[in-house]
Amino acid sequence: MEHRAPALLLLIASLAFAAAPFLVPSFSGYDPAAFPHPIDEVPLQPVGWAFAIWGVIYAWLVVHAGYGAVHRPEDPAWALPRVPLGFALVLGAFWLPAAQTAPLAATAMIWAMAALATLALCRTRAAPDGWLLRAPIALFAGWLTAATAVASATVLTGFGLLPPLGAALLMLVAALVAALLVLRRTGSAVYAGGVLWALAGVVVENLDQNLPMLVATLLGGALLADRTQRRVTPG
């Protein structure tokens, strides 16, 4: 039984993570009043429908943890990513309450979540059941790469460190560099897909609002898509 404990703990963490939105259902981004400088816009923010990907992420991670607990509790390939993924999910379960009242702390938390999810992804390998083992972790890590950039751009603007466009462009470049490095290390098309989905949301949000941000995001997305095509492996 003790050998199954990590798998069961990951299942509990994934369920807690998936339940968090039901406890904080009204969250729609950091409260502008929480910052010393007003936030009129965050050019790196994706359009609202892009956040529907969270439903896929929550469900896929629960299926991943449930399948692993029942069918792969002691499989070394499944055991390797469990610890960093579990810590990422525990942080994620507390992220929404933190984001409502403490955006600086929430941004630090999402950086940690992204790092842990990426470490979990790097501990996986392409496998016959990779759509259950690797792919859900990859999508989670990919979306978090983009989400970390959005949160950071918001904080930089809200604390008056950079203007909105400057913060957005800086964090767009940071997210693309991180994505390219992770893609080079893992070859995961699903990871790249998570980032590209966010970039597509940014493009749509800026169609009629911010031409420099629109062009920069299109160019960055094209670069990532090209590198993905060259480097892709299943999952």
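Only the coordinates and a few stated rules stand behind these numbers; no lab work does. Everything numeric in this text was worked out from a predicted model, so none of it was measured. A quick note on method: Cβ atoms are made from the backbone with ideal geometry, for glycine too, and the neighbour counts reach across all protein chains shown.
Details
- For the chain, calculated [θ]222 nm from helices alone, where every DSSP H run of n ≥ 4 adds -39500 (n - 2.57): -24500 deg cm²/dmol
- Segments 176-184, 192-200 sorted - mean Cβ within 10 Å per residue, highest first: 192-200, 176-184
- Fewest-first sequence of Glu205, Glu74, Glu41 by Cβ atoms within 10 Å of each Cβ: Glu74, Glu41, Glu205
- Relative to the longest principal axis of the Cα atoms of the chain, helix 135-158 runs at roughly 30 degrees.
- Folded to 0 to 90 degrees: helix 211-231 orientation relative to the chain principal axis, Cα: 30 degrees
- Crossing angle, helix 103-122 versus the chain [Cα axis fit, 0-90 degrees, rounded to tens]: 40 degrees
- In the set [x] 37, 19, 16; [y] 30, 21, 13; [z] 35, 22, 17, the label that goes with semi-axes √(5λ) of the Cα gyration tensor in Å computed for this structure is [y].
- Net charge contributed by nearby residues that have their C-beta within less than 11 Å of Leu214 (K/R +1, D/E -1): -2
- Computed on segment 138-202, with alpha-carbon pairs under 8 angstrom and 6+ residues apart, the relative contact order is 52 percent.
- Label-point gap, in nm, between Ile12 and Leu207 - each point 7 angstrom along Cα→Cβ: 4.7 nm
- With Cα atoms defining each centre, segment 169-235 and segment 106-133 are spaced 17 Å apart in the structure.
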